[in-house]
Amino acid sequence: MGPLLAARSGTAIGPLSVLPFLVLAPPPELAAVQATCADPASVDDCLSLRFRLRLSGIGPAIMSILPALLLLVLADGLRRGLTLGGLDELADEQVRCLVAIDTDRTVHGITSWLPMYTDGKITGWTH
């Protein structure tokens, strides 16, 4: 019911806001767009055709639902009790924070390694 309401509302907010554009006519030919945009009197038509051309294909459809899918994955992880950690974990003196750098000195991220304990002794680290 929600996607139908979003498609009919006309409000350009949210990941489902592009649903009305999924049933557009086939995308215009590139030559037709170029010919229309070459005429200074048809600026509105040019913008409309360029917009339709940009919305064609599977890429925009995937990118429009990607935020919703990410939220579902994160919500499922939280439901199962998984967290990304917080400041309490970083306050532990045994936690290792490292910068991931490749051979070209490109920074790829920051990793935190939490200690694993067995019988009160550190037996390894996990991230």
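We did not get these values from a lab; they are worked out from the coordinates using the rules stated. Quantities reported herein were computed from a predicted structural model and do not represent experimental measurements. Backbone-built Cβ (ideal geometry, glycine too); neighbour counts: all protein chains shown.
What is the distance, in nm, between label points placed 7 Å from the Cα along the Cα-to-Cβ direction at ASP102 and at TRP125?
About 2.2 nm, to one decimal.
Students often check this: by mean Cβ neighbours within 10 Å, which of 48-59, 105-116 ranks highest, and how do the rest follow?
Descending packing order for the listed peptides: 48-59, 105-116.
Based on the alpha carbons, how large is the Rg to Rh ratio for the range 42-127 when Rh follows Kirkwood?
1.26
Write down the Kirkwood hydrodynamic radius of the range 87-126, to one decimal in angstroms, obtained as one divided by the mean of 1/r over all alpha carbon pairs.
Across the range 87-126, the inverse of the average 1/r is 11.5 Å.
Using a 7 Å offset from the Cα along the Cα-to-Cβ direction at both ARG52 and ALA31, what is the distance between the two label points in nm, to one decimal?
Placing both labels 7 Å beyond Cα along the Cβ direction yields 1.7 nm.
Starting from the 7 Å offset along Cα-to-Cβ, what nm value, one decimal, do you get for the label separation of LEU71 and THR111?
Here the modelled spin labels are 3.2 nm apart.
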